[in-house]
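Participant: One structure, pasted below without further comment.
The values are calculated or read from the model by the stated rules, or taken from the named source; none is laboratory data. It should be emphasised that the depicted structure is a prediction, and the values quoted were computed from it without experimental measurement. With ideal geometry, Cβ positions are generated from the backbone for all residues, glycine too; neighbour counts draw on all protein chains shown.
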Amino acid sequence: MLFLYLLCFVAGTQISTMRGNVAVEDLRIGDQAVTASGALRPIVWIGHRAIDGAGVVLIDDQQPIRIRAEAFGPGLPVRDLRLSPGHPVLVGADEDGTGGYLVPIMCLINGTSIIREPVTLVTYWHVELDAHDILLAEGLPAESYLDWGNRPFFEEASDHALHNPDFVVPGLSARCRPVAVDGPAVEAERARLSTVFAASLGEACAWDEAGRFAWIAA
């Protein structure tokens, strides 16, 4: 289905730009986005689409995926982030934001820190840069929009047509990183996410030494 492959941010997602963290729906064409490598790229197109289940929970392919704060590590993301199921995030990158793989977030669902969110209504947004790159969404590296023929899904499709009258579609070959949906890279990241979650759970449940036996004295 089309929805399975939509690569979008849910309304309210904060994107890093030169003017600070800005809700995706408040971005403007011409804003300079901060990419995972630290480079700046101008925003050239912004699209959105609301999906309304008319009071009925949306099917799985349309439901957003909620990534709990720090699911990928400290500050990754800085707060809960919601993406469409097919939206890839960057994993296994070097410290300078280079390298790594783009993995659709649905491939990393674990039922704890990354889960489906049943909703009856959601508005998806996407952001295109002057070249495909990695945005920072709530601090988590996630890919910018790449036109592989799905632009008509968005209400702003005609805006792009005015500037691209020949309807040239770059295609998936224009991606800035390779994509992985299974295999060693995905399995390694799933294992790492489990370790991160276990560590955070242990930390949340730990007592400090001062209060460890306080209940006995009480």
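Participant: Could you check the stretch 1-106 for strands (runs of 3 or more DSSP E) lying wholly inside it with 1 or more residues that are in contact with a Ser or Thr (Cβ under 6 Å, 6 or more places away or on another chain) and under 23 Å from Glu155 (Cα atoms)?
Facilitator: Answer list for the stretch 1-106: 32-34, 40-52.
Participant: Starting from residues that are out of contact with any Asp or Glu (no Cβ under 7 Å at 6 or more places or on another chain) and surrounded by fewer than 23 Cβ atoms within 10 Å (Cβ to Cβ), keep the ones in the stretch 72-89 and report whichever is nearest to Thr112 (Cα to Cα).
Facilitator: Asp80
Participant: How do the pairs read when you match residues in the stretch 31-52 that are over 18 Å from Asn150 (Cα atoms) with residues anywhere that are of a type in the set (Ser, Thr, Tyr) and surrounded by fewer than 16 Cβ atoms within 10 Å (Cβ to Cβ), using Cβ under 9 Å and keeping only pairs 6 or more apart or on different chains?
Facilitator: Close Cβ pairs (under 9 Å, with a partner that is of a type in the set (Ser, Thr, Tyr) and surrounded by fewer than 16 Cβ atoms within 10 Å (Cβ to Cβ)) amount to Ala36/Thr98; Ser37/Thr98; Asp52/Thr120.
Participant: A further question follows. Can you tell me how many residues within the stretch 89-125 are out of contact with any helix residue (DSSP H, G or I) (no Cβ under 7 Å at 6 or more places or on another chain) and either within 15 Å of Leu193 (Cβ to Cβ) or small (Gly, Ala, Ser) (or both)?
Facilitator: The number of residues fulfilling the criteria is 11.
A quick yes/no check of all residues on (1) at pLDDT 95 or above; (2) out of contact with any Cys (no Cβ under 9 Å at 6 or more places or on another chain):
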| position | (1), (2) |
| --- | --- |
| Gly171 | no, yes |
| Cys176 | no, yes |
| Val186 | yes, no |
| Leu193 | yes, yes |
| Ala198 | no, yes |
| Gly202 | no, yes |
| Asp208 | no, yes |
| Arg212 | no, yes |
| Trp215 | no, yes |
